Amino acid sequence: ITVLQIVKESQQQHGLRHGDFQRYRGYCSRRLRRLRKTLNFKMGNRHKFTGKKVTEEILSDNRYLLLILMDAERAWSYAMQLKQEANTEPRKRFHLLSRLRKAVKHAEELERLCESNRVDAKTKLEAQAYMAYLTGMLRFEHQEWKAAMEAFNKCKTIYEKLANAFTEEQAVLYNQRVEEISPNIRYCAYNIGDQSAMNELMQMRLRSGGTEGLLAEKLEALITQTRAKQAATMSEVEWRGRTVPVKIDKVRIFLLGLADNEAAIVQAENEETKERLFESLLSECRDAIQAVREDLKPDQKQREHSLENDSGKVSNIQYLHSYLTYIKLSTAIKRNESMAKSLQKALLQQQRSEEDGKRTPRPQDLIRLYDIILQNLVELTQLPGLEEDKNFQKEIGLKTLVYKAYRCFFIAQSYVLVKKWSEALVLYERVLKYAREVQSGAGAYTNSLKELPDVQDLITQVNAEKYSLQAAAILDANDTHETESPSQVKDGKPLSERFETFCLDPSLVSKQVSLVHFPPGFQPIPCKPLFFDLALNHVAFPPLEDKVEQKAKSGLTGYIKGIFGFKS
């Protein structure tokens, strides 16, 4: 049997693509039941358990080896499920180790059975590699770094040899397994004493492109564990001339990895990788801020700009919160600026070659990004503890001017697209005003403005755009004048009202031709006359008393006669 292929296909189809170990464990249990029923290899009946072992004598069917493999996979998946739950319930770690030992026991039995002459050489090697992998996982959880490293190296060696012995399609699975265990090997080397292993772990994460999946999660977990060990020696941090003690472990881990994360972002090869690394850094920063905020909750006075010894300074924990918020906002600004640069490149490529069928970027997209950046800068000026820092406020003010200049520039570009020449020209002048203000006030803050876009390049670009805009406005005015010649004037009247005037009207051959006014307009008409019967009030009707009395008599007499049956 091909052990690794069976394991990988089962894992990908039954939960491990999403990290659902409980679902995979249920699948292993159901498959074991089906195999035992098919092979008639039942462990007793419903009343009594009778243990059976797979021996070499009954290896006539390879499904007996699948029984052992599924037993090992079920124990391993249960251990990984408990590892996830052990983050909040530490006692489950003991059960985790017990399940891993059970998985190793089943893997040993699989390796022993594969030593039989009935099993081919490839299956033997795969069983040995599988056994080495589970042994390495067990030693890794026991923190026996040397033994774990030896087991992982053995596993890696076997899979590399198998990858070289078969075709490229078959070697893909083996190479993937080698990539999965490489971070574990480097982490073991770091714990043994190899200080360069941490840098190699960071390079592995960078090569993975910040992708999602089990390998990325494993790399993040190993890097976090490495930083946790380094964080034990970190006790304080200095920012803007003030030293603040750091007592929260999560914050220590984040601050230790900040420089590495920023370096990884700089070294990212493409925009997608850079975006994922930015998101990962912001997520870690938000977790650190949440941990500090929980420490701020017990003391509301410290949370709201508390004073220490009436010196006007905020508390250490509040200042640390401001520092982490500054990192978060600065990272968000860098991310949005990186997205803006990629959009600018896309705009330039769009101008050179128009592509159909794709949503092309517009200047409005860049305006939105710069709006977000300016909002982040406003939040930076309001951080507790920095209101009186004049240098900081001045630096943020200059950055605001730079981004305002770029925002105005792209607003002007959007007006150019709709041929609003005067509005665009005014905005270009505003861009030059902002840029000159930055140049005049950037004397002492040149170092802090190095990472920002160069305003001199913007000034050069705006001057060029102004000349092209003026030329386009003149040409547009000439075109408008030409279109207003007597033979082409159109006054908006339908064709039925301008038979006597010759006019070139292209709309007459289009689908929206204007022949008559429809619906027609309202016209005044005489209203229906009103009838007033004035004579009725002056008419005297003849008296009818005589007729009414006679009618009453005859009526009563006739009624009485009718009752008694008399006829006249």
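Out of all the residues in the stretch 408-418, is one or more touching a Pro at 6+ places or on another chain (Cβ under 6 Å) and not polar (S, T, N, Q)? Scanning the stretch 408-418 turns up at least one residue that is touching a Pro at 6+ places or on another chain (Cβ under 6 Å) and not polar (S, T, N, Q). Inside the stretch 361-390, residues that are more than 18 Å from Tyr415 (Cβ to Cβ) and in contact (Cβ under 8 Å) with a residue 40 or more places away in the chain make up a count of 12.
Say we look at the stretch 274-283 and pick out the residues that are of a type outside the set (A, V, I, L, M) and surrounded by fewer than 20 Cβ atoms within 10 Å (Cβ to Cβ); which of these is nearest to Ser342 (Cα to Cα)? Filtering the stretch 274-283 for residues that are of a type outside the set (A, V, I, L, M) and surrounded by fewer than 20 Cβ atoms within 10 Å (Cβ to Cβ), the one nearest to Ser342 (Cα to Cα) comes out as Glu275.
Pairs, please: C-beta under 9 Å, at least 6 apart or cross-chain, first residue under 12 Å from Leu380 (Cα atoms) and in the stretch 328-340, second basic (Lys, Arg)? Between residues of the stretch 328-340 that are under 12 Å from Leu380 (Cα atoms) and residues that are basic (Lys, Arg), the close pairs are Lys328/Arg286; Ile333/Lys399.
Can you confirm whether the stretch 524-544 contains a residue that is surrounded by 10 or more Cβ atoms within 10 Å (Cβ to Cβ) and modelled with pLDDT of 65 or more? Lay out the reasoning, then the answer.
First, the residues of the stretch 524-544 that are surrounded by 10 or more Cβ atoms within 10 Å (Cβ to Cβ): none.
No; the residues of the stretch 524-544 include none that is surrounded by 10 or more Cβ atoms within 10 Å (Cβ to Cβ) and modelled with pLDDT of 65 or more.
Residue check: is Val438 open to solvent by 40 Å² or more (accessible area, probe 1.4 Å) and either free of Cβ contacts under 8 Å to residues at least 24 places away in the same chain or within 17 Å of Pro453 (Cβ to Cβ) (or both)? The answer is no for Val438.
Counting only helices (runs of 4 or more DSSP H) that sit completely within the stretch 20-136, those holding 2 or more residues that are closer than 26 Å to Lys154 by Cα, open to solvent by 20 Å² or more (accessible area, probe 1.4 Å) and of a type outside the set (A, V, I, L, M) correspond to 63-85, 92-113.
Does Ser315 satisfy the criteria of being at pLDDT 75 or above, closer than 25 Å to Ile248 by Cα and loosely packed, with under 13 Cβ neighbours inside 10 Å?
Values: at pLDDT 75 or above: yes; closer than 25 Å to Ile248 by Cα: yes; loosely packed, with under 13 Cβ neighbours inside 10 Å: no.
When the stated conditions are applied, Ser315 does not pass them.
Among the numbered conditions (1) without any contact (Cβ under 8 Å) to a residue 60 or more places away in the chain; (2) open to solvent by 80 Å² or more (accessible area, probe 1.4 Å), tell me where Phe410 comes up short. Result: Phe410 passes all but (2). Inclusion of Thr243 among residues that are within 21 Å of the chain's Cα centre (by Cα) and either surrounded by 21 or more Cβ atoms within 10 Å (Cβ to Cβ) or among the hydroxyl-bearing types (Ser, Thr, Tyr) (or both) is not warranted. Residue count for the stretch 320-341 under the criterion of being in contact with a strand residue (DSSP E or B) (Cβ under 6 Å, 6 or more places away or on another chain) and open to solvent by 10 Å² or more (accessible area, probe 1.4 Å): the result is 1.
Taking Glu484 as the residue in question, decide whether it is at pLDDT 80 or above and either within 30 Å of Val418 (Cβ to Cβ) or in contact with a His (Cβ under 9 Å, 6 or more places away or on another chain) (or both). So Glu484 fails the test. Considering (1) at pLDDT below 85; (2) surrounded by 17 or more Cβ atoms within 10 Å (Cβ to Cβ), the lone condition that Glu294 does not fulfil carries the number (2). Has the stretch 388-411 got any residue that is within 20 Å of Ala472 (Cα to Cα), part of a helix (DSSP H, G or I) and aromatic (Phe, Trp, Tyr)? The answer is yes, given that some residue of the stretch 388-411 is within 20 Å of Ala472 (Cα to Cα), part of a helix (DSSP H, G or I) and aromatic (Phe, Trp, Tyr).
The values are calculated or read from the model by the stated rules, or taken from the named source; none is laboratory data. Computed from a predicted structure; not experimentally measured. All Cβ positions, even for glycine, are placed from backbone atoms using ideal geometry, and neighbour counts span all protein chains on display. Please note that ligands, DNA and RNA were not included when accessible areas were found on the heavy atoms of the full protein model with its side chains. Shrake-Rupley method; radii C 1.70, N 1.55, O 1.52, S 1.80 Å.
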